[in-house]
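Q: Here it is: the structure, laid out below.
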Amino acid sequence: MTQLITTLGPKRADELGMILAHEHVFVDLRTYDQPGYAQADAADVIELMAPELEKARAAGVTAIVECSAVGVGRRADILKAVSEATGFPLVVPTGIYREPWVPDWAHAATEEELREWMTGELTGEIEGSAVQAGWIKLSAGDDGLTASETNILRAAAGAGASTNAIIGSHTIQGWVVRDQLDIVEEAGYTPERFIWIHAQVEPDFELNLEMARRGAWIEYDGIGSEDSDDGFYVERIQRMLDAGFGDQVLLSHDRGWYDPAQPGGGTPRPFTYISEQFLPKLRAAGVEEETIRQLTHVNPFRAFSR
Ligand SMILES: [Zn+2]
């Protein structure tokens, strides 16, 4: 039996409903050498983000996958405090974001050292927080993988192969995902445990299909963003369903969050758009309730549980 490993412990499928696959409760997009990087009082994060998690819960969301890896202000201790204050489970990653957010220690580390570090967080805890990592988040440069990003990906494939953790990568170009899937296979893991994060940004839908055929998860995670319209997402989802890949699609907003670079953490954007605005449009386009349940409940649990 697989379980979703969260800030509030492992959860079975029958304890959960809708899961959002890509959101942020806390993220710092400055690089780690900036003053105040990733610094905040947990109480301030709770004050700003607890109401957002309450709204999400009222909209039917039962767990959120936090996508802030090392490099963009991952703070498992703060996420745990927010979860304990709200009773709301979050799924926290191990892994490292792309250049120029890769820290010096990771540049200096060998593939084996990175693999051991990831495996340690996936089987033990993150930085003394008592939070076990649920999955592996990483990223690739827009113009292809750098040497250190390749090293991190190979390490992730090794850590995934021994823990069954899923790897999710922020990757903007489809041809870069093709390279990533080759590396994952060479390193002894499988595209079926790889999520192409931000797959909607690739203009060539054929590349979405190519990676789905290889077994990868296709994540459409900018739903409700200012620069997109719902019709675009409805169409991409329907084309994936028509091609028979409805069990490999993930949906999310990429919203939130407490930002330590902003006074008071800034103004979060709610995690409720999909429930309240988008799913009614998907229904109106003829997508059946059973399929909606697959996209919002079954798929994210199957992807992130282990
Ligand atoms: Zn994100």
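Q: Quick one: would you say Glu54 is of a type in the set (D, E, K, R) and buried (at least 24 other Cβ atoms within 10 Å of the Cβ)?
A: no
Q: OK, next. How about region 1-46: which strands (runs of 3 or more DSSP E) wholly inside it have at least 2 residues that are free of Cβ contacts under 8 Å to residues at least 12 places away in the same chain and hydrophobic (A, V, I, L, M, F, W, C)?
A: It comes to none.
Q: Here's a follow-up. Picking from Ala109, Ala156, Ala147, Ala133, which residue would you name as being under 11 Å from Ala69 (Cα atoms) and among the aliphatic types (A, V, I, L, M)?
A: Ala133
Q: To continue, here is another question. For region 127-134, does any single residue satisfy the condition of being without any contact (Cβ under 8 Å) to a residue 60 or more places away in the chain and crowded, with 23+ Cβ neighbours inside 10 Å?
A: Within region 127-134 (the criterion being without any contact (Cβ under 8 Å) to a residue 60 or more places away in the chain and crowded, with 23+ Cβ neighbours inside 10 Å), the answer is no, since none of the residues qualifies.
For (1) of a type in the set (Lys, Arg); (2) touching a His at 6+ places or on another chain (Cβ under 9 Å), each residue gets a yes or a no:
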site	(1), (2)
Gly188	no, no
Ala216	no, no
Gly224	no, yes
Ala243	no, no
Arg255	yes, yes
Arg269	yes, yes
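Q: Can you find a residue in region 12-22 that is buried (at least 16 other Cβ atoms within 10 Å of the Cβ), more than 19 Å from His253 (Cα to Cα) and basic (Lys, Arg)?
A: Within region 12-22, not a single residue is buried (at least 16 other Cβ atoms within 10 Å of the Cβ), more than 19 Å from His253 (Cα to Cα) and basic (Lys, Arg).
Q: Considering region 246-265 alone, what residues qualify as being touching a strand residue (DSSP E or B) at 6+ places or on another chain (Cβ under 7 Å) and either within 16 Å of the ligand (Cβ to nearest atom) or part of a loop (DSSP other than H, G, I, E, B) (or both)?
A: Within region 246-265, Leu250, Leu251, Ser252, His253, Asp254, Arg255, Gly256, Trp257, Tyr258 qualify.
Q: Can you find a residue that is within 16 Å of the ligand (Cβ to nearest atom) and either touching a Lys or Arg at 6+ places or on another chain (Cβ under 9 Å) or of a type in the set (Gly, Ala, Ser) (or both) anywhere in region 3-17?
A: No, that holds for no residue.
Q: Taking into account only those residues within region 23-40 that are over 11 Å from Tyr258 (Cα atoms) and acidic (Asp, Glu), which is surrounded by the most Cβ atoms within 10 Å (Cβ to Cβ)?
A: Glu23
Q: Of all residues in region 90-119 being under 21 Å from the mean Cα position of the chain (by Cα) and aromatic (Phe, Trp, Tyr), which is surrounded by the most Cβ atoms within 10 Å (Cβ to Cβ)?
A: The extreme case among them is Tyr97.
Q: Working only within region 120-154, note down all residues that are of a type outside the set (Asp, Glu), over 18 Å from the mean Cα position of the chain (by Cα) and on the phi < 0 side of the Ramachandran plot.
A: Matches in region 120-154: Gly120, Thr123, Gly124, Ser129, Leu145, Thr146, Ala147, Ser148, Thr150, Asn151, Arg154.
Q: Exactly one of these conditions fails for Ser162: (1) over 30 Å from Ala43 (Cβ atoms); (2) hydroxyl-bearing (Ser, Thr, Tyr); (3) surrounded by 20 or more Cβ atoms within 10 Å (Cβ to Cβ). Give me its number.
A: That leaves (3) as the condition not met.
Q: Could you give every pair whose Cβ atoms fall below 6 Å, whose first residue belongs to region 176-203 and is farther than 23 Å from Arg302 by Cα and in contact (Cβ under 8 Å) with a residue 24 or more places away in the chain, and whose second residue is within 16 Å of the ligand (Cβ to nearest atom) and of a type in the set (Gly, Ala, Ser), counting only separations of at least 6 or pairs across chains?
A: Val176/Ala140
Q: Pairs needed: first member in region 156-171, within 15 Å of the ligand (Cβ to nearest atom); second member anywhere, among the polar types (S, T, N, Q) and not in a helix (DSSP H, G or I); C-beta distance under 8 Å; at least 6 residues apart or different chains.
A: Ser169/Ser139; His170/Ser139; Thr171/Ser139
Q: Right, another one. Among the residues of region 64-79 satisfying the criterion of being more than 13 Å from the ligand (Cβ to nearest atom) and surrounded by 21 or more Cβ atoms within 10 Å (Cβ to Cβ), which is nearest to the chain's Cα centre (by Cα)?
A: Checked region 64-79; the qualifying residue nearest to the chain's Cα centre (by Cα) is Val70.
Q: Looking at this structure, is Asp259 within 19 Å of the chain's Cα centre (by Cα) and either of a type in the set (A, V, I, L, M, F, W, C) or over 24 Å from Arg302 (Cα atoms) (or both)? Even if it seems obvious, please write down each step before you answer.
A: Details: within 19 Å of the chain's Cα centre (by Cα): yes; either of a type in the set (A, V, I, L, M, F, W, C) or over 24 Å from Arg302 (Cα atoms) (or both): yes.
Judged against the criteria, Asp259 is a match.
Q: May I pose another question? Taking the options Pro35, Pro51, name whichever one is modelled with pLDDT under 95 and over 21 Å from Gly128 (Cβ atoms).
A: On inspection, the qualifying residue turns out to be Pro35.
The values are calculated or read from the model by the stated rules, or taken from the named source; none is laboratory data. As the structure is a prediction and not an experimental result, all values here were calculated from the model. Here the Cβ is made from the backbone with ideal geometry for all residues, glycine too, and neighbour counts use every protein chain on show.
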